[in-house]
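Please read the structure below before turning to the comments.
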Amino acid sequence: MMGWIIFIVCTIGWHIGLYGMFKKAGIESWKAFIPFYNTWCMVSIMKLKNYWFFLQFIPIAGQFISIWITIKFVEHFGRFGFLHHAATVLFPFVYFPYLGFSQHEKFAGKLVVDNYKKSGTREWVDAAFFAIVAATLIRTFVFEAYTIPTPSMEKTLLVNDFLFVSKFSYGPRLPNTPIAMPFVHHTMPITNTKSYSEVIQLPYKRWLESPVQRNDVVVFNFPVNDTLINDELNFGSRVTYYQVIREYAKNLNGDLNLAREKVNEDYGNLIISRPVDKRENFIKRCVAIGGDTLKVVNGQVFINNKPQDFFPASERYYKLETPANIIVDQDQLKAMGITIHAGEDIGDVRDIGVQNVQLINITNQEKKSLKLPQGFKLSDFIMEPDNQLFPYYSNSDSNHLWSADNYGPIYIPKKGATISLNSDNLTRYQRVIEVYEGNNFEIKNGQYYINGKLSTSYTFKLNYYWMMGDNRHNSLDSRYWGFVPEDHIVGKASMIWFSWEGGPRWKRLFSFIK
């Protein structure tokens, strides 16, 4: 909450300052409060080419253009010095009100800019420097642009939705690896080398911390991406290092240690590790928070034994039974009232090998208004038990025949909560104890030792979250790889600022995410 208060105060200060600056420049002051239109007014009054305004909408690079436009606008007040530009970039919520309302500051116009002796190269270097600094700070601590690459959140979020992810919602996170190339996540383009240095590694710290709330749509670092086989085509975050080990173990009598040795031998230099802030970014919905007990019954999520509402735009598969020899195609789906988007298979219809039965992936909203032709029948589809689900119980374990639709119950760790140490808890929480919370864990003669000390219980140091995709049957989420620690949380997906499917999806532009 405090983070949002500071953000709002700074935003108000920026706009109030711009209000005064517009008045001095002879622009109607109210225009300062309209996003993007205010930069159009700046471009116009400065007589810049109109394309500078439109360049702001280029992902990532657009941030530089917006900052450059504001720097140029300040120069039209006769302020060209380093400190003035630094104040424009770093403290506009203070500096703009000064320019806008101080009796000592006036709008000088284009003439004073044209008369200022400064080479074009020097001007671009100065502007680029401040733009990089400002954009890096904004991206790290305020908000970041993010693109939806997969349909795991459909139809809440669609492939090629462009989002703003708020870092202030949960408090800005201090980078673990502060020495890094700006605007590159973990790998340099072209050279395919690391974009960061681990010479300096900072501990987890979040300023103005605020907890993740149930049902927030959250961007986070992929927890099991700490070690990976660095082959994005076949592995990367698609098939994790730990999945490969479990597959090897099937042919090695379940011996995970021997499987790890074999995987390390086979993939060698392809195996790398990444610090928390350089792991892949994922986006899912937080369905459970620390202290909750979650279970899924026939596809419906229960938190602390209370059924949770279905989100109108969340999807799942249903069995569609059709009359003999009828195969549903895309046109028939549209006629039934089902919306099809890029990234889905042909209407996302699947053949399950049963005569006259197909799977269709539809939202709860679509199900309620579905127009079934005569002779068609819709019924629930329930996933079968799967030993690829976290925490990887064997299918022969009759006590844990879990599936993606019938899962749990499982307790989500909460900071300060204590659990007893036993074989079942270790199956669920050993990775939390060892990897996420950095302890040395050993079993000797049937007893448990944490950091060399005999232990019968463990108290969690962090809060954890359970993330699931809204496209419930097409989402690799916490059901498959477990808990998300609080230090992996990047930010809250807040607004769709652009969307594309063969052209702009106009209705989705500037819509808030629910």
(message) Which numbered condition in (1) farther than 18 Å from Trp497 by Cα; (2) free of Cβ contacts under 8 Å to residues at least 12 places away in the same chain; (3) surrounded by fewer than 14 Cβ atoms within 10 Å (Cβ to Cβ) is the only one that Ile200 fails?
(response) (2)
(message) Checking Ala108 against (1) in contact (Cβ under 8 Å) with a residue 40 or more places away in the chain; (2) small (Gly, Ala, Ser); (3) farther than 25 Å from Val212 by Cα: exactly one of these is not met. Which one?
(response) (1)
(message) Can you go through Asp329, Asp277 and tell me which one is closer than 23 Å to Lys367 by Cβ and either among the charged types (D, E, K, R) or in contact with a Leu (Cβ under 6 Å, 6 or more places away or on another chain) (or both)?
(response) Asp329
(request) Give the stretch 235-266 a look and list any residue that's over 22 Å from the mean Cα position of the chain (by Cα), among the polar types (S, T, N, Q) and closer than 23 Å to Pro223 by Cβ, or say none. (result) Gln243, Asn257, Asn264
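Out of all the residues in the stretch 194-223, which are aliphatic (A, V, I, L, M) and out of contact with any Gly (no Cβ under 6 Å at 6 or more places or on another chain)?
Passing the criteria: Val199, Ile200, Leu202, Val212, Val217, Val218.
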(message) Given the criteria closer than 30 Å to Pro312 by Cβ and either at pLDDT 95 or above or in contact with a strand residue (DSSP E or B) (Cβ under 6 Å, 6 or more places away or on another chain) (or both), does Phe460 qualify?
(response) no
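Given the criteria surrounded by 14 or more Cβ atoms within 10 Å (Cβ to Cβ), on the phi > 0 side of the Ramachandran plot and not hydrophobic (A, V, I, L, M, F, W, C), does Asn192 qualify?
For Asn192, the condition - surrounded by 14 or more Cβ atoms within 10 Å (Cβ to Cβ), on the phi > 0 side of the Ramachandran plot and not hydrophobic (A, V, I, L, M, F, W, C) - is not met.
Restricting to the stretch 24-35, give me the number of residues that are touching a residue at least 12 places away in the same chain (Cβ under 8 Å) and under 17 Å from Phe93 (Cα atoms).
The number of residues fulfilling the criteria is 2.
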(message) Tell me yes or no: at least one residue of the stretch 146-167 is closer than 15 Å to Val276 by Cα, not assigned by TED's automatic domain parsing to the domain that holds Asn361 and not in a loop (DSSP other than H, G, I, E, B).
(response) no
(message) For the stretch 113-136, give me each residue that is surrounded by 14 or more Cβ atoms within 10 Å (Cβ to Cβ) and either at pLDDT 90 or above or farther than 22 Å from Ser44 by Cα (or both).
(response) Asp126, Phe129, Phe130, Ile132, Val133, Ala134, Ala135, Thr136
(request) Please enumerate the residues belonging to the stretch 351-372 that are within 15 Å of Ile327 (Cβ to Cβ) and either part of a strand (DSSP E or B) or at pLDDT 85 or above (or both). (result) Asp351, Ile352, Gly353, Val354, Val357, Gln358, Leu359, Ile360
(request) Please note which strands (runs of 3 or more DSSP E) are completely contained in the stretch 408-453 and include at least 3 residues that are more than 30 Å from the chain's Cα centre (by Cα) and on the phi < 0 side of the Ramachandran plot. (result) 441-444, 447-450
(request) Take the stretch 96-112 and flag every residue that is in a helix (DSSP H, G or I) and either of a type in the set (Phe, Trp, Tyr) or at pLDDT 90 or above (or both). (result) Phe96, Pro97, Tyr98, Leu99, Gly100, Phe101
(message) Against the condition β-branched (Val, Ile, Thr), surrounded by fewer than 18 Cβ atoms within 10 Å (Cβ to Cβ), in contact with a Pro (Cβ under 8 Å, 6 or more places away or on another chain) and at pLDDT 85 or above, how does Thr147 come out, does it pass?
(response) yes
(request) Report the residue count in the stretch 1-38 for those that are outside any helix (DSSP H, G or I), among the hydrophobic types (A, V, I, L, M, F, W, C) and either modelled with pLDDT under 90 or closer than 14 Å to Ser166 by Cβ (or both). (result) 2
(request) Assess whether Val224 counts as being in contact with a Phe, Trp or Tyr (Cβ under 8 Å, 6 or more places away or on another chain), of a type in the set (A, V, I, L, M) and either closer than 27 Å to Val244 by Cβ or modelled with pLDDT of 85 or more (or both). (result) yes
(request) Kindly indicate the residue of the stretch 420-443 that is touching a helix residue (DSSP H, G or I) at 6+ places or on another chain (Cβ under 8 Å) and farther than 16 Å from Phe483 by Cα and also surrounded by the most Cβ atoms within 10 Å (Cβ to Cβ) among those meeting that condition. (result) Phe441
(request) For Phe57, indicate whether it is surrounded by fewer than 20 Cβ atoms within 10 Å (Cβ to Cβ), at pLDDT 80 or above, aromatic (Phe, Trp, Tyr) and part of a loop (DSSP other than H, G, I, E, B). (result) yes
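Looking only at the stretch 389-403, decide whether some residue is outside any strand (DSSP E or B), among the hydrophobic types (A, V, I, L, M, F, W, C), surrounded by 17 or more Cβ atoms within 10 Å (Cβ to Cβ) and touching a helix residue (DSSP H, G or I) at 6+ places or on another chain (Cβ under 7 Å).
Checking the stretch 389-403: at least one residue is outside any strand (DSSP E or B), among the hydrophobic types (A, V, I, L, M, F, W, C), surrounded by 17 or more Cβ atoms within 10 Å (Cβ to Cβ) and touching a helix residue (DSSP H, G or I) at 6+ places or on another chain (Cβ under 7 Å).
Identify, from the list Val224, Val184, the residue that is of a type outside the set (Phe, Trp, Tyr) and farther than 25 Å from Ser394 by Cα.
Val184
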(request) Identify the residue in the stretch 72-95 that is part of a loop (DSSP other than H, G, I, E, B) and of a type in the set (Phe, Trp, Tyr) and, among all such residues, is surrounded by the fewest Cβ atoms within 10 Å (Cβ to Cβ). (result) Phe91
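The values are calculated or read from the model by the stated rules, or taken from the named source; none is laboratory data. All figures in this text were calculated on a predicted structure; none of them were measured in a lab. Methodologically, a virtual Cβ is constructed for each residue, glycine included, from the backbone with ideal geometry; neighbour enumeration extends over all protein chains shown.
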